[in-house]
Amino acid sequence: MLHKVWIESLGCTKNTVDSEVMLGLLVARGLPLAESPEQADLIIVNTCGFIASATEESIEAILEMVTYKKSGSCKGIIVAGCLYQRYREKLSSEFPEVDAFIGCNEIGKIVEAYQAIQGEKKYYTIGASEFLYDHNTPRVLLNGRASTYVKIAEGCDNRCTYCTIPSIRGRYRSRTIESVVREVRNLIKKGAKEINLLAQDTTYFGQAEGREEGLTALLRELDNIRAKKWLRLMYAHPGRITNAVARTIEDSRSICHYVDMPIQHISDEILRAMGRSGTSGDIRRAIHVLRSEVSDVALRTTVMVGFPGETDREFEQLLDFVRETKFERLGVFTYSREPGTPAAQYRKQVPARVKQERHEILMREQMLISHSLNETLVGKKMEVLIEGTDEEDPAIAIGRTYRDAPEVDGIVRVLYKKRPALNSFQQVIITAAHDYDLEGKLL
C-alpha cells in the first residue's frame, strides 16, 4: 500500500503547474503528501527535456530518486513530463526501476498510473490526448498561496527552428475565459495575491479557436474580479502586442505594468533563420507601443546568443540594441543544438567558447543597465508584496515590486520596526539600489 507521495518538479513554471495538478489529483484520491522523498512511498519525477542541460538535470533527478527505492521506504516511482514525451523508448529501457511513465500530454492519467503500481503492474502511457486542465481540476500549490501560476493555454503553433516544444506539447489550445476566471477566483479565495498568467504564447490566447478578442477579453474579466491582487502577463509574443493589449493593461486596476516578452534576437537574418514570426521592426513597434501606452511599464525579455550563423556583426547588433533599449529585466540563453530540430542541421554552428563569451558580455551589459535603472527608484514609494523574512536578519522582510516576477527577477529587502504580515501588500520607500535587487524601509 502506497501511503505518501513526493514530487520532484523540474523545468519551467508551466511544468510546476503540471506537478501541482498531478499532486491535486492524487491528494483528491486520499493520498497525503510526504515531507521529503525519504518519507515517500510514491515518488514522481516531473521532468523537463527542452534543452540538453534540462535533460541532464532530469536524468540526474531520476537516478537520485531511484536510490530511495533501493534504500528507503519508496515502493513506486513515476516519471512524467517532457523528457518521457520526447525520449520515451530510450527512457523506459534505461530505467527499469521506474514503475510508470506518463507523457506531459496525459498527466490527467496520474491516478491510473498510481492504481497500476498498487496492483504491482508497470504503466506506460503517451499519446495525443492533449490534456488541458480547468477550474475543476484539483491542484496542490507547491510555492505557497500568495504568488501562483495559471496556465491559460497549452501547446504551441509556432515553429521556431531551435525549439522542441511543439513536438513535445502539441498544438496550441486555449482554455475558456470562464474556466480561467473561475480558477483565479478560487485561488484568490484561498489567499492568492499574485496571479502569473502562463502559456507558450499568452498573446495567442483564443486565436487558435477563432475568438475575436482573445487575451484582451480575458484580461478585462480577470481585472473585474473584486479583490486586491496583481495579475502578471508572461510569455507575450512581440508580433502580437497590440494597442488594445497595451491599453487594457494601462486602464486596469490590477494588471501589473510589467510584460514578459521574449524577443530572442534583433537581427532580421537571425530571426528568419530561427523561424520567428515577425521582424526586428515588429519588435521595435511592440516596445514602442508598450512604453508609450503603459505608464512606468517594466519590460522583461530573453535573448539567445550563438544561434547557428550568428556572426560578430549580428551579435554586436544585438548588443547595441540591448544598450539602446535598456530593458528593465533581461535573460540570456546560449543556443542549444537539439536533435530533431531544423536548426540542429544548420551549418556554421557557433563554437561553445564563443557562445559563452557572448553570454557573459550581454549579462555584464545588462547588469550595468539594471543597476542604473534601479538607482532611479531610490527615494520613491513603491508597493511591495511581502513574501518572507531574511534568513540571516529577522529584522529584514523580503518582497517584490510589480517590476519583479517571482523566481526570475529581483527582490526588495525591507527594513521594518513592526513585522509586516506575510503575503501582504505594503508601502515601502526605496533606500538603496543594487545590480538586481533593492533595499527599502517600511512606511
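The values are calculated or read from the model by the stated rules, or taken from the named source; none is laboratory data. Quantities reported herein were computed from a predicted structural model and do not represent experimental measurements. Methodologically, a virtual Cβ is constructed for each residue, glycine included, from the backbone with ideal geometry; neighbour enumeration extends over all protein chains shown.
The table below gives the values:
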| quantity | calculated |
| --- | --- |
| Tally, over the stretch 54-106, of residues that are at pLDDT 90 or above, touching a Phe, Trp or Tyr at 6+ places or on another chain (Cβ under 6 Å) and under 17 Å from Lys4 (Cα atoms) | 2 |
| Failed item, numbered, when Val140 is tested on (1) out of contact with any Asp or Glu (no Cβ under 8 Å at 6 or more places or on another chain); (2) in a loop (DSSP other than H, G, I, E, B) | (1) |
| Residue that is surrounded by the fewest Cβ atoms within 10 Å (Cβ to Cβ) [pool: residues in the stretch 411-436 that are in contact with a strand residue (DSSP E or B) (Cβ under 7 Å, 6 or more places away or on another chain) and under 20 Å from Arg300 (Cβ atoms)] | Ile411 |
| Tabulated pairs, the stretch 1-29, first assigned by TED's automatic domain parsing to the domain that holds Glu56, second among the aromatic types (Phe, Trp, Tyr) and part of a strand (DSSP E or B), C-beta under 7 angstrom, 6+ apart or interchain | Thr13/Tyr149; Thr16/Tyr149; Val17/Tyr149 |
| Subset tally (residues that are aliphatic (A, V, I, L, M) and farther than 30 Å from Asp260 by Cβ) for the stretch 10-39 | 6 |
| Residue check, Gly340 in a strand (DSSP E or B), touching a Ser or Thr at 6+ places or on another chain (Cβ under 9 Å), in contact (Cβ under 8 Å) with a residue 12 or more places away in the chain and not aromatic (Phe, Trp, Tyr) | no |
| Answer from Phe315, Phe307, Phe321, Phe327 - the residue that is crowded, with 18+ Cβ neighbours inside 10 Å, in contact with a Leu (Cβ under 7 Å, 6 or more places away or on another chain) and not assigned by TED's automatic domain parsing to the domain that holds Phe50 | Phe327 |
| Tally of residues being in contact with a helix residue (DSSP H, G or I) (Cβ under 6 Å, 6 or more places away or on another chain) and in a loop (DSSP other than H, G, I, E, B) across the stretch 264-275 | 3 |
| Lone unmet requirement of (1) in the same structural domain as Thr16 (by TED's automatic domain parsing); (2) under 30 Å from Lys229 (Cβ atoms) for Phe101 | (2) |
| Identity of the residue in the stretch 291-328, in contact with a strand residue (DSSP E or B) (Cβ under 6 Å, 6 or more places away or on another chain) and among the small types (Gly, Ala, Ser), that ends up nearest to Leu377 (Cα to Cα) | Ala298 |
| Among (1) touching a strand residue (DSSP E or B) at 6+ places or on another chain (Cβ under 6 Å); (2) closer than 21 Å to Leu142 by Cβ; (3) not charged (D, E, K, R) - the single one Gln39 does not satisfy | (1) |
| Identity of the residue in the stretch 330-370, of a type in the set (A, V, I, L, M) and over 27 Å from Ile411 (Cβ atoms), that ends up surrounded by the fewest Cβ atoms within 10 Å (Cβ to Cβ) | Ala352 |
| Among (1) on the phi < 0 side of the Ramachandran plot; (2) assigned by TED's automatic domain parsing to the domain that holds Leu218; (3) in contact with a Gly (Cβ under 7 Å, 6 or more places away or on another chain), the one test that Tyr162 misses | (3) |
| 1 or more residues touching a residue at least 12 places away in the same chain (Cβ under 8 Å) and of a type in the set (Asp, Glu): qualifying helices (runs of 4 or more DSSP H) within the stretch 157-257 | 177-189, 215-223, 243-251 |
| Selection from the stretch 155-197 of residues that are among the aromatic types (Phe, Trp, Tyr) and closer than 20 Å to Glu213 by Cα | Tyr172 |
| Only listed residue being outside the structural domain of Ala344 (by TED's automatic domain parsing), β-branched (Val, Ile, Thr) and surrounded by fewer than 22 Cβ atoms within 10 Å (Cβ to Cβ), chosen from Ile44, Ile51 | Ile51 |
| Residue among Gly331, Gly278 that alone is in a strand (DSSP E or B) and either out of contact with any strand residue (DSSP E or B) (no Cβ under 7 Å at 6 or more places or on another chain) or touching a residue at least 40 places away in the same chain (Cβ under 8 Å) (or both) | Gly331 |
| Residues satisfying the stated conditions in the stretch 350-405, i.e. at pLDDT below 95 and either farther than 27 Å from Leu10 by Cα or part of a loop (DSSP other than H, G, I, E, B) (or both) | Asp390, Glu391, Glu392, Asp393, Pro394, Ala395 |
| Qualifying residues in the stretch 1-29 (those that are part of a loop (DSSP other than H, G, I, E, B) and among the basic types (Lys, Arg)) - the one surrounded by the most Cβ atoms within 10 Å (Cβ to Cβ) | Lys4 |
| Options Ala34, Ala40: the member that is of a type outside the set (Asp, Glu) and within 26 Å of the chain's Cα centre (by Cα) | Ala34 |
